[in-house]
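Okay, structure first, notes after.
The values are calculated or read from the model by the stated rules, or taken from the named source; none is laboratory data. These figures come from a predicted structure and were not determined experimentally. Using ideal geometry, Cβ is built from the backbone for each residue, glycine included, and neighbour counts are taken over all protein chains shown.
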């Protein structure tokens, strides 16, 4: 997604310049933006008489989406629904990575890091900016299990 698809005001409102004291505010604004994106996608899909998306934008910060692949003999409708869910999940990853590129301090996100899933990039961001909360400790414990 190019910057032209994200309004300058959204990028400006979400921009984070590296001040660790302002990271919590950045995180909350980012999550609110991602939630709004998820809610808008649900509305779009329901208005088009399709099933709601499985993956939500904000969930990508925690883990990769779990999409249940249709088994052999699945209906064409179920196969198309799965393909659409995969496309949604890929679009969400791309959108969030683009947001990181546009809103984080220049030079933070390198090409090697950008090849990783969003939740791993987000962990690196939290680590760099010193997020140390109980929820992060729980995430680490779950990941190591």
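Table: residues versus (1) crowded, with 17+ Cβ neighbours inside 10 Å; (2) in a helix (DSSP H, G or I).
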position: 13; (1), (2): no, yes
position: 33; (1), (2): yes, yes
position: 36; (1), (2): no, yes
position: 49; (1), (2): no, no
position: 55; (1), (2): yes, no
position: 58; (1), (2): yes, yes
position: 65; (1), (2): yes, no
position: 68; (1), (2): no, no
position: 87; (1), (2): no, yes
message: As an exercise: evaluate residue 17 against (1) touching a residue at least 60 places away in the same chain (Cβ under 8 Å); (2) surrounded by 11 or more Cβ atoms within 10 Å (Cβ to Cβ) and give the number of the one condition it does not meet.
response: (2)
task: Could you tell me which of the residues 25, 32 is modelled with pLDDT under 95 and closer than 30 Å to residue 130 by Cα?
output: 25
query: residue 109 is checked against (1) outside any loop (DSSP other than H, G, I, E, B); (2) at pLDDT below 90; (3) touching a helix residue (DSSP H, G or I) at 6+ places or on another chain (Cβ under 7 Å) and fails just one. What number does that condition carry?
result: (1)
- prompt: residue 80 passes all but one of (1) surrounded by 11 or more Cβ atoms within 10 Å (Cβ to Cβ); (2) at pLDDT below 95; (3) over 24 Å from residue 113 (Cα atoms); (4) touching a helix residue (DSSP H, G or I) at 6+ places or on another chain (Cβ under 9 Å); which number fails?
  reply: (4)
